[in-house]
Amino acid sequence: MKLDCAGKSLDLSIPRVMGVLNITPDSFSDGGVFLQMDAALRQAERMAAEGAAIIDIGGESTRPGAHPVALEEELDRVIPVIKALQRELDIPLSIDTSKPEVMTLAIEAGAGMINDVRALRAPGALAAAVASGVPVCLMHMRGEPRSMQKEVLYADVTTEVLEFLEQRVEVCLDSGMERARLLIDPGFGFGKDLRHNLELFRDLPKFVSLGFPVLIGVSRKTMIGKMLGHEVDERVFASVALAALGANQGVALIRAHDVGATVDAVRICQAILEI
Ligand code: 7PJ
């Protein structure tokens, strides 16, 4: 199962790790443009050296409560980083965005995958993604980041998330997207409480059964804080444990901040799966 990410290959025949690269000004508060760029490139190089199979680049925070970012601002953040990294690294880059203009310009700059937490529901996103020719991850989100944790009600979270993703897959196929370009993601923490997240995690094999590579993002998330009472910087061990559990359930791609540790977890898991 090999994906063609704009000329760079992503082999998902065994579970892989997607490194997270957030380009948001508050992450490097007083660095200025050059330092910010330099820090981003170093972080990406480090994740590649630690075994990331792909790097996900995002210029708009989608954490609970986050405000939207204007188009020009998002482009200024991500495009220079994509241009530099696509030259420098052998592994593909993914663009984490919901805006069609960002998708198109990021692919033009060298990105090889689209990761959209809104599953191409923004006006123009579906057409931009189809035209891009690259693989696309469709993620489930209830509501919008600004408000998504306010009221979270599902009759049966797994069934509803599965149905949503199947519908988005149909919409993509109807628009001419090749089936082999799609990945799916239940969207941990996006309009879900702890119980919903745990049910979804338990039910990951049902998502794998749909026949698309499954991506999960649980790294350092609030669900771990809720379970263990840990602050963000104390959630690495639990994140790595969830990565191993996910890989064991057939997840293809694990989105993670702590790449080296996550790659170790996924590799030992794979060693047992393939025996
Ligand atoms: C996810 C994501 C995720 C996918 C974020 C954070 C929030 N993309 N982008 N899946 N999470 N596909 O990293 O805490 O779970 S941003």
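The values are calculated or read from the model by the stated rules, or taken from the named source; none is laboratory data. Because the structure is predicted, anything quoted here is derived from the model rather than measured. Every residue, glycine among them, receives a Cβ derived from its backbone with ideal geometry; neighbour counts consider all protein chains shown.
Here Val69 fulfils each of the conditions (1) β-branched (Val, Ile, Thr); (2) over 15 Å from the mean Cα position of the chain (by Cα); (3) modelled with pLDDT of 95 or more apart from (3).
The residue that is nearest to the chain's Cα centre (by Cα), counting only those in segment 117-135 that are closer than 22 Å to Ala84 by Cα and either surrounded by fewer than 19 Cβ atoms within 10 Å (Cβ to Cβ) or within 14 Å of the ligand (Cβ to nearest atom) (or both), is Pro135.
Matching residues to (1) under 19 Å from the mean Cα position of the chain (by Cα); (2) within 11 Å of the ligand (Cβ to nearest atom):
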position: Val169; (1), (2): yes, no
position: Cys172; (1), (2): yes, no
position: Ser175; (1), (2): no, no
position: Arg181; (1), (2): yes, no
position: Ile224; (1), (2): yes, yes
position: Val236; (1), (2): yes, no
position: Gln249; (1), (2): yes, no
position: Ile254; (1), (2): yes, yes
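For the criterion of being within 17 Å of Pro186 (Cα to Cα), crowded, with 21+ Cβ neighbours inside 10 Å and not β-branched (Val, Ile, Thr), Ala243 passes. For segment 1-27, filtering for residues that are part of a loop (DSSP other than H, G, I, E, B) and at pLDDT 95 or above leaves 6. Pairs linking a residue in segment 111-137 that is closer than 19 Å to Phe164 by Cα to a residue that is in a loop (DSSP other than H, G, I, E, B) and near the ligand (Cβ under 10 Å from one of its atoms), with Cβ atoms under 6 Å and 6 or more positions apart or on different chains, are Val117/Thr62; Val117/Met141.
Looking at segment 51-65, is at least one residue away from the ligand (no atom under 16 Å from the Cβ) and either at pLDDT below 90 or surrounded by 14 or more Cβ atoms within 10 Å (Cβ to Cβ) (or both)? Taking every residue of segment 51-65 in turn, at least one turns out to be away from the ligand (no atom under 16 Å from the Cβ) and either at pLDDT below 90 or surrounded by 14 or more Cβ atoms within 10 Å (Cβ to Cβ) (or both). Scanning segment 77-101 for residues that are exposed (fewer than 15 other Cβ atoms within 10 Å of the Cβ) and among the acidic types (Asp, Glu) yields Glu88, Asp90.
Just one of the listed residues (Arg142, Arg220, Arg146) is at positive phi, within 16 Å of the ligand (Cβ to nearest atom) and of a type in the set (Lys, Arg), and it is Arg220. Across segment 50-73, the qualifying residues are those that are among the charged types (D, E, K, R) and in contact with a strand residue (DSSP E or B) (Cβ under 9 Å, 6 or more places away or on another chain), and the one among them that is farthest from Leu21 (Cα to Cα) is Glu50.
In summary, Phe188 fulfils each of the numbered conditions (1) more than 12 Å from the ligand (Cβ to nearest atom); (2) under 22 Å from Leu253 (Cα atoms); (3) among the aromatic types (Phe, Trp, Tyr) with the single exception of condition (1).
This table checks each residue for (1) closer than 14 Å to His140 by Cα; (2) among the aliphatic types (A, V, I, L, M); (3) touching a residue at least 12 places away in the same chain (Cβ under 8 Å).
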| position | (1), (2), (3) |
| --- | --- |
| Phe164 | yes, no, yes |
| Ser209 | no, no, no |
| Ile216 | yes, yes, yes |
| Ile254 | no, yes, yes |
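Residues that are among the polar types (S, T, N, Q) and part of a helix (DSSP H, G or I) within segment 70-115 comprise Gln86, Thr104, listed in sequence order.
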